Amino acid sequence: MRRHIQKKIYHVEVLPPKQDTEKLEADLERFANKYNRVLDNGYCACITDNAMGLLAFQGTELIEELSLPVKPEQVMIHLNTFHTKVELDIILNTCQSMGIQYLLAITGDGSDRLPKLQPADVGAEDVESVTSVELMRYIGREYSDVFTMGVAFNPYEPADHEFAKLDRKLDAGAEFIITQPIIEKNAVVDKLLADYPDIPVVLEAWMSKKLHLLSDAVGYEIPEDTAYDPMATLEMLHRTYPQCGMYLSLLGFKTQFDKITDTWVS
Amino acid sequence: MKIVVCIKQVPATNDAKIDPETKRIIREGLKAILNPFDTYALEEAIQLRDQFGGEVIALSMGPPKAEAVLREAISLGVDSAILLSDRAYGGSDTWATSYALSRAIDTIGGVDLVLCGKQAVDGDTAQVGPGIAAHLDWMQATYVMAVDEVQDAGMTVKRMHEDGYDVCEVPFPAVMTVVKGINTPRVPTLKGRLASLKIDIPVWKPADIGADVERLGLDGSPTRVVKTQPPPPRSSSTKRIEGSPEECANALLHELRLRSIV
């Protein structure tokens, strides 16, 4: 991951088509186009896993079914705890056989339709529920040295609690960190960078103009009419945190994608 | 084993509103989904087929757009699907519906097991499964929470009730309604979803199933809905507690004691 930062490789979130889409074939084509553009430009395509508990197709099955190329340094699969054990092993085995190196382990958001991994599934009978920590321990044990695993860090949660969680995640095998969206200089991120200098940190840059959608994430109400310039914020983040990588969420492929090439200039 | 799973397209009840004038569900703009309880029946059927061989057929009755839930069933792994759709079926109550479904099951032929969700979330009657069994004159087990054993002649199941469960032996052919928790329903795979787009789903009219149209639709339904009304709104209020953490904790404890919660 350190290499990604040195080589200025953006992490670009590519949302998979939702399960309930009524225009599946068009959505698949759109997904493939975005994925290929990310790889062709040398960036890393990051495929989410039922983000916000909304049922979507898995990254691995999309790559397989659409015969998309996999370049080990350029694909990251999000993996949460809302799977059956059988599904989890299929995803991990497919990642391994495809040569996918990067996994982002997250606890994730559930829904009525999503099963949840049970402690016994991942050999963690000492806990009541499976989080990213138990998930990573399982992957580390069953797929030793196969994957480079990252974890999420939320600077908007109470800091003591979040840093304690981070320590458990690092202990479980996390090798890089991706934050929640950062829209300005953030004291908790500053502390993270100061206290964990050896762990590569990737900041999530919010690339949608709709800043109010972040209200839940940041924990306070952002008015709907708040003006927000994603490109200017991305440049600010590069200037403020030159040691960090960038994870671009909700990037506009029509208007923003071609412009980001010149943004990382530090 | 030849298994038929009866499924239903229902409005997503989380979003449902009732017209204050007509007291009916406002269906315009309401998302239609596969009845959540039916996902457990589908999963159980697929697991039984995968373990013991055979085929699974999804069967639904409804307007043409109900085909969507049959395609969803295909994407989950059932082998084929049939839609009963015709004006003559419109307005059927649970008795007429179960009559039509039983005729379709009879037409399919050679069926060992019919699986249904315990009830549909729009009507909440839980009558269609037992109705099918009555029309076919087959054994039935309702509220099945576990399948313990499957033999050539039948199966041993656990039926859930309020105080525990019954262990029942059910000879084939049989009808079973299953409860949430009998399994963990799978979600469709992309491969399954793509396959579901290509499959032909036959539409059967009353003549195709040898149904007596006098026993279908509104005229064939002994039930009349006299009145429908929304449940009374839940009373809830929010009280904000201000102060230091200690003061807040004490105030919260006081409020909980007032309500005999602690």
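Please list, in order, the residues from region B:63-97 whose amide nitrogen is less than 15 Å from a point placed 7 Å along the Cα→Cβ vector of residue B:218. Answer for this model: B:87-93. Using the Cβ-Cβ distance between residue A:213 and residue A:96 with R0 = 51 Å, the FRET efficiency computed as 1/(1 + (r/R0)^6) comes to roughly 0.90.
What do you get for the angle between helix B:94-108 and the principal long axis of chain B? Use alpha-carbon atoms, 0 to 90 degrees, nearest ten. Helix B:94-108 and the main axis of chain B meet at about 40 degrees. The order of A:90, A:77, going from fewest to most other C-beta atoms within 10 Å of their C-beta, is A:90, A:77. Ordering A:253, A:82 by the number of other Cβ atoms within 10 Å of each residue's own Cβ, fewest first, gives A:253, A:82. Bridge orientation summary for region B:2-215: considering DSSP beta bridges with both residues in this region, about 40 percent are antiparallel. In the distance distribution for chain A, Cα-Cα pairs more than 31 Å apart total 22 percent. For a 22 Å ceiling on Cα separation, which of these pairs sit above it: B:31/B:227; A:18/B:65; B:8/B:31; A:8/A:185? Correct reply: B:31/B:227. Based on Cα contacts under 8 Å between residues 6+ apart, region B:2-215 shows a relative contact order of 26 percent. Each residue of region A:56-61 is assigned a 3J(HN,Hα), and the resulting list reads 9, 6, 6, x, 5, 6 Hz, derived from the Karplus form 6.51 cos²θ - 1.76 cosθ + 1.60 (θ = phi - 60°), x at Gly and Pro. Using only the alpha-carbon atoms of chain B as identical scatterers, what base-10 log of I(q)/I(0) does the Debye formula give at q = 0.07 Å⁻¹? Each listed q maps to, in turn, -0.31. Our note on the geometry: Cα centres of region B:196-262 and region A:164-242, 39 Å apart.
Ellipsoid semi-axes for the protein assembly as shown, based on the Cα gyration tensor and the rule √(5λ), read 48, 28, 24 Å when sorted largest first. Would you tally the net charge around residue B:135, using a Cβ to Cβ cut-off of less than 11 Å, leaving residue B:135 out, and scoring K and R as +1, D and E as -1? Residues close to residue B:135 contribute a combined charge of 0. Ranked for footprinting exposure by Cβ neighbours inside 10 Å, fewest first, A:4, A:161, A:212, A:238 give A:161, A:212, A:238, A:4.
Here the contact order of chain A, divided by its residue count and restricted to Cα pairs under 8 Å and six or more residues apart, works out to 16 percent. As a calculated quantity, the FRET efficiency between residue B:124 and residue A:191 at R0 = 51 Å, using C-beta atoms, amounts to about 0.45.
Averaged over the residues of peptide B:176-187, the number of Cβ atoms from other protein chains lying within 10 Å of each residue's Cβ is 3. The angle between the Cα long axis of helix B:36-52 and the longest principal axis of the Cα atoms of chain B comes to about 50 degrees, rounded to the nearest 10.
Using the Kyte-Doolittle scale, find the helices of chain A whose mean hydropathy is at least -1.0 and whose Cα atoms extend 20 Å or more along the helix's long axis, counting only whole DSSP H runs. Going by DSSP H runs, the hits are A:24-40.
By the helix-only formula, in which each DSSP H run with n ≥ 4 contributes -39500 (n - 2.57) and the sum is divided by residues, the protein assembly as shown has a 222 nm mean residue ellipticity of -9500 deg cm²/dmol. Could you give the length gained on full extension between residue B:258 and residue B:166, defined as 0.36 nm per residue of separation minus the Cα-Cα distance, in nm? Working it through step by step, the gained length comes to 29.0 nm.
With a cut-off of 12 Å between beta carbons, the residues surrounding residue A:143 carry a summed charge of -1, where Lys and Arg count +1 and Asp and Glu -1. The residues neighbouring residue B:82, those whose beta-carbon lies less than 14 Å from its own, together hold a net charge of -2 under the Lys/Arg +1, Asp/Glu -1 convention. Applying 1/(1 + (r/R0)^6) with r as the Cβ-Cβ distance of residue B:242 and residue A:85 and R0 = 35 angstrom yields a FRET efficiency of 0.15.
Since every read-out is calculated from the coordinates, none of them should be taken as a lab result. Small disclaimer: the values here were computed from a predicted structure and weren't measured. Here Cβ is always computed from backbone atoms with ideal geometry, including for glycine, and neighbour counts include all displayed protein chains.
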